[in-house]
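Q: Can you keep this structure in mind? I'll have questions shortly.
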Amino acid sequence: MEKGQLRLYTKTSMTKLTIKTGAEIAVMREGGARLAEIRERIVRAVRPGMTGANLDKLADRLIAQAGGKPSFKAVPGYRWATCINVNDVVVHGVPDNYKIKAEDKVGIDLGMYYKGFHTDTSITVGGPEKFLEVGRLGLKRAIAQAQTGKRVADISAAMQKTVEEAGHSVVRALTGHGIGRELHEEPAIPCFVIGEYEHSPKLREGMVIAIEIMYNQGGSEVVYKNDDGWTIVTADGKISGLFEETVAITSHGPIVLTCQIH
């Protein structure tokens, strides 16, 4: 939701990095596990004839039942708990009454504010399976790079390499982001490498980031679809995919917080 604006790293942005304590990460892990369960329940509800508006109502109800609040409703001007991104919609798809078809690609993006902290996740279902597998693999490789001592650029490179080797394009106009008490914190997490490697933020123990791979079947260019001020689509009309997890960087390696705990 409201992905970070693409920007080069500066000393000012470095100073805004927030480090979470172990206790704070534990709270985020609890909230993230609940959000992951909600995500999976929404995925199971996606079927022909279902509308984005109904999926959003389901998410709203489940978030309340989980003891949280929809993170996205905290974004000025946005009234929904989710973004539902169908076919060529990249991000910020406003849930509406369009009836999903069997062949549609459906991206589901949602966040939850729980006990003082946000977590954020997204998933794509439907459409060509090979295309979706690229996104899942790219995100997995990116998360593996979320190690202390590495840099944001290592995460970005993993996403870019995976997507481009498959013949697709990463979205360059939007980024993932840090997350915590605010939905959007520093640093930005681009899907591709920008600037000089040594200017990319170093990853430190206690950082929590929303790693999101946003990629297009065709070109990387995106445009606003209409005048709602939110919906962003591929410029060439081809489908787009997104997968996102909230990840904590620890001395023991990355921990996916938006993961169901069994």
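Every number here is computed from the coordinates shown, using simple stated rules; none is lab data. Given the structure is predicted, the values throughout are model-derived calculations rather than measurements. Positions of Cβ are backbone-derived with ideal geometry, glycine not excepted, and every protein chain shown enters the neighbour counts.
Q: Using all C-alpha to C-alpha distances in the stretch 4-256, build P(r) with 10 Å bins and read off the rounded percent in each one.
A: 8, 33, 38, 19, 2
Q: Set the bar at 19 Å for Cα to Cα. Now go through Lys16/Lys161; Lys105/Lys130; Lys69/Lys225; Lys20/Lys115; Lys73/Lys115 and name every pair that lies beyond it.
A: Lys16/Lys161; Lys69/Lys225
Q: If you take every residue apart from Ile63 with its C-beta less than 10 Å away from the C-beta of Ile63, what net charge results, scoring Lys and Arg +1 and Asp and Glu -1?
A: Around Ile63, the surrounding residues sum to +3.
Q: Mind sorting Asp228, Asp104, Asp109 by how few other Cβ atoms lie within 10 Å of their own Cβ, fewest first?
A: Asp228, Asp104, Asp109
Q: If you take every residue apart from Lys16 with its C-beta less than 9 Å away from the C-beta of Lys16, what net charge results, scoring Lys and Arg +1 and Asp and Glu -1?
A: On the way: positive: none; negative: Glu185, Glu186.
Neighbour charge sum, excluding Lys16 itself: -2.
Q: Amide H of Ala235 versus every other amide H placed in the peptide plane: which residues, excluding those fewer than 5 positions away on the same chain, fall under 5 Å?
A: Glu221, Val222, Val223
Q: Right, next: List, in order, the whole-Hz ³J(HN,Hα) value for each residue of the stretch 106-119 obtained from phi through the Karplus relation with A = 6.51, B = -1.76, C = 1.60 and θ = phi - 60°; use x for Gly and Pro.
A: Rounded to whole hertz, the list is 10, x, 10, 10, 7, x, 9, 9, 9, 6, x, 9, 9, 10.
Q: Could you tally the net charge around Ile84, taking each other residue with its Cβ under 9 Å from the Cβ of Ile84, Lys/Arg +1 and Asp/Glu -1?
A: -3
Q: Now for a separate question. Could you derive backbone 3J(HN,Hα) for the stretch 123-135 from the dihedral phi with the Karplus parameters 6.51, -1.76 and 1.60 (θ = phi - 60°), listing whole Hz in sequence and x where the residue is Gly or Pro?
A: Values, residue by residue: 8, 10, 10, x, x, x, 4, 4, 5, 5, 4, 4, x Hz.
Q: So, one more: Calculate for the chain the 222 nm mean residue ellipticity that helices alone would give, adding -39,500 (n - 2.57) per DSSP H run of length 4 or more and normalising by residue count, nearest 500 deg cm²/dmol.
A: -9000 deg cm²/dmol
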